[in-house]
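What follows draws every value from the coordinates through simple rules; no lab data is involved. The shown structure was predicted, so the numbers you read here are calculated from the model rather than taken from an experiment. As a convention, Cβ positions derive from the backbone with ideal geometry for all residues, glycine included, and neighbour counts pool all protein chains shown.
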Amino acid sequence: MIIRNEIKSIKAASMCILIFAAVFVLCSCKAAGKNDLIKYAKNNYGACEFIRQEHSGSGKDEVRTVYLRDKETGIEYYVTSGLDPLIVDGSTFGHLEDKGSDFPDKYKSYLMDLAEDEITDLKYQYAFDYEYKYDYNRITFLSRVSGDEAKKAAESFAGIIKKYDTKDLFPADYTVYAEQKVYVGQYDAKSGEWIPSGEYEVIDYVHSYYDDRAVFSSSMGCYIDQFLPYDEVDRLFPGHDGTPSGKAYYFRDSEGDTFVAVRLEDFGGSAKGIRLFKDRSYGMEEIYI
């Protein structure tokens, strides 16, 4: 018992020392010096020239800013350092040094200026608007668009930027919408991966092959055997455990009648394709296209 108590005491003392050391480090932080800020700029943005610096405050209110000129592009920018409070459960436990810079935004604008003519032609060709959202790109088509066309537009946009982005700092993520708010998919310019929205694939299919005036209303969880007979479920989803579950997408057609679409990929397994159904008094009746 004595040995156990001694071990507990040693552990408690060690923990106190670690906590004290951490608090000491946090409380003793200060803004980065001039040389550290210049080094930070070179490591993150490339070779630069020092213009001037500003320094104000002390302790937790200390701020240091250096102004620099990028040697490759001629962009003038700043890198700043200050202290941010470390807050846990509403209490402040010292401060941490933090750096910031306006170079990424200025560099993004610089690239867009270089690519302006090509981007303008692309926007006209595909009829979309472009916005830069902090650390990703948003492409919004002004009207309905197919998934393939959305992917091509995002690829083309990224390809234009890549020609000018020698520092590889332009955001690689492209989030694509249509008709202002309908999520179409996401494109990663680094990997070339296009991740389509399952919902939009269904909407695009309905408009392309069934009713171009149909209005999508909602989606909800369902079981595939609500739409397909058991023998077809067994054929499409061999070895399934229980009844495969997924989503049903509800539409109102141009005549005002409700119909349902199911995307087989949503239910797992290797089955693919989209099926349409109308709800009859005797059950679901498939719409054959």
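For this structure, a couple of remarks:
- Among (1) 19.5, 57; (2) 28.7, 85; (3) 24.7, 80, the entry derived from the coordinates for Rg and Dmax of the Cα atoms in Å: (2)
- Extreme residue, positive dipole direction of the chain, given options S218, L228, I161 (C-beta unit charges): I161
- Per-selection Kirkwood Rh - segment 107-196 (Cα, Å, 1 d.p.): 13.0
- The helix-only estimate of mean residue ellipticity at 222 nm for the chain, built from DSSP H runs of length n ≥ 4 each weighted as -39500 (n - 2.57), is -11000 deg cm²/dmol after division by the residue total.
- Sum of side-chain charges, L111 neighbourhood, beta-carbon under 14 Å (Lys, Arg +1; Asp, Glu -1): -4
- Distribution of pairwise C-alpha distances over segment 95-152, 5 Å bins, in %: 4, 14, 21, 21, 15, 10, 6, 4, 3, 2, 0
- Cross-link pairs exceeding 20 Å in C-alpha to C-alpha distance, out of K30/K108; K39/K99; K123/K163; K34/K71; K39/K133, comprise K30/K108; K39/K133.
- Nearest-0.05 FRET efficiency for R235 and K152, computed from C-beta distance (R0 30 Å): 0.30
- Cα centroid separation - segment 203-220 against segment 102-161, whole Å: 27
- Highest mean packing first, where packing is the average number of other Cβ atoms within 10 Å per residue, the peptides 128-136, 71-79 line up as 71-79, 128-136.
- Here the Karplus relation 6.51 cos²θ - 1.76 cosθ + 1.60, evaluated at θ = phi - 60°, turns the backbone of segment 142-156 into coupling constants of 6, 9, 4, 8, 7, x, 5, 5, 4, 5, 4, 5, 5, 4, 5 Hz, with x for every Gly and Pro.
- Note on F50 and Y134: with the Förster distance fixed at 25 Å, the Cβ-Cβ geometry gives a FRET efficiency of about 0.30.
- The stretch between I289 and T166, if pulled fully straight at 0.36 nm per residue, gains 39.3 nm over its current Cα-Cα span.
- Count Lys and Arg as plus one, Asp and Glu as minus one, and take only other residues whose Cβ is under 12 Å from that of E255; the net charge is then 0.
- Beta bridges assigned by DSSP with both partners in the chain are antiparallel in approximately 95 percent of cases.
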